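Take a look at the structure below.
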Amino acid sequence: MTREELQVLYNDQILSHNKDPYHFQSCADCNVEGQAYNPMCGDKFTLQFKKSSTTLESGFFTGFGCAISKASTSILLQKIEGTTITDASIYTQNFLEKLKSTNSDDFTGDELLDILIRLKNFEGRVDCIKLSWQATSDILKSMI
């Protein structure tokens, strides 16, 4: 994928999630809460989850951050909502591992996640991408 093609996908997908993020609101009946914070840039989100004994029923977030960190959080919540806590934990860990990979062919097959993974090659963006993924992974581990 060329830089120009990636720019088009960024404009179409990432900026769309930044402009209208999924569940970007506070949740009064959520029963799990955590923070995603990057002191280097100031991005900070409060992550809230409504969970049953084994399922993440829904996820919400509030706060502020750059377009990539906000879009990445929006995408994350869409992907794990309605899954078991164990599956969500595995999913977030797998994505974080793919972000670390140096193999350029090591993509997920999911267009949105692949865009995020490709954006890691832009200087300084990997921390923006993984901010809420890492925080959510840590939250999920505490639930298991």
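The values are calculated or read from the model by the stated rules, or taken from the named source; none is laboratory data. Just so you know, these numbers come straight off a predicted model, no measurement behind them. Here the Cβ positions follow ideal geometry from the backbone for every residue, glycine too, while neighbour counts run over all protein chains shown. Note: accessible area is taken over every heavy atom of the protein model, side chains too, but ligands, DNA and RNA are not part of it. Shrake-Rupley method; radii C 1.70, N 1.55, O 1.52, S 1.80 Å.
Below is a table of values for the structure above.
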quantity	calculated
Distance between the stretch 122-144 and the stretch 32-48 - C-alpha centres, whole angstrom	10 Å
Simple label model, 7 Å out from Cα along Cβ direction - residue 97 to residue 127, nm	2.6 nm
Accessible area per residue in Å² at 1.4 Å probe, computed on the stretch 1-115	53 Å²
Whichever lysines have a C-alpha closer than 26 Å to that of residue 100, once near sequence neighbours (fewer than 8 apart) are set aside	44, 70, 79, 120, 130, 141
Karplus (6.51, -1.76, 1.60) ³J(HN,Hα), θ = phi - 60°, over the stretch 36-45, in Hz, Gly and Pro reported as x	10, 9, 10, x, 6, 10, x, 4, 8, 10
Partnerless cysteines, meaning none of the other Cys C-beta atoms lie under 4.7 Å away, in the chain	41, 66, 128
Kyte-Doolittle mean at least 0.5, axial Cα span of 27 Å or more - DSSP H helices of the chain	none
Under-5 Å amide H pairs with residue 51, H placed in peptide plane, nonlocal only	31, 32, 57
Qualifying GluC sites (Glu not before Pro) for the stretch 67-144 [loop in DSSP, other Cβ within 10 Å: at most 16]	123
Simple spin-label estimate for residue 37 and residue 9 in nanometres, 7 Å along Cα-Cβ	3.3 nm
Residue 16 paired with residue 67, simple spin-label distance in nm, labels 7 Å along Cα-to-beta-carbon	1.4 nm
Net length gained if the chain between residue 53 and residue 114 were fully extended (0.36 nm per residue, minus Cα distance)	18.8 nm
Residue 83 accessible area, 1.4 Å probe, all protein chains in place, Å² to nearest 10	40 Å²
Cα gyration tensor shape for the chain, rounded if a/c is under 1.5, else prolate or oblate	prolate
Of all accessible heavy-atom area on the chain, the percent that carbon and sulfur account for (1.4 Å)	47 percent
GNM flexibility winner over the chain from 127, 43, 20 (Cα, springs under 10 Å)	20
Residue-level accessible surface for residue 37, protein heavy atoms, 1.4 Å, Å²	120 Å²
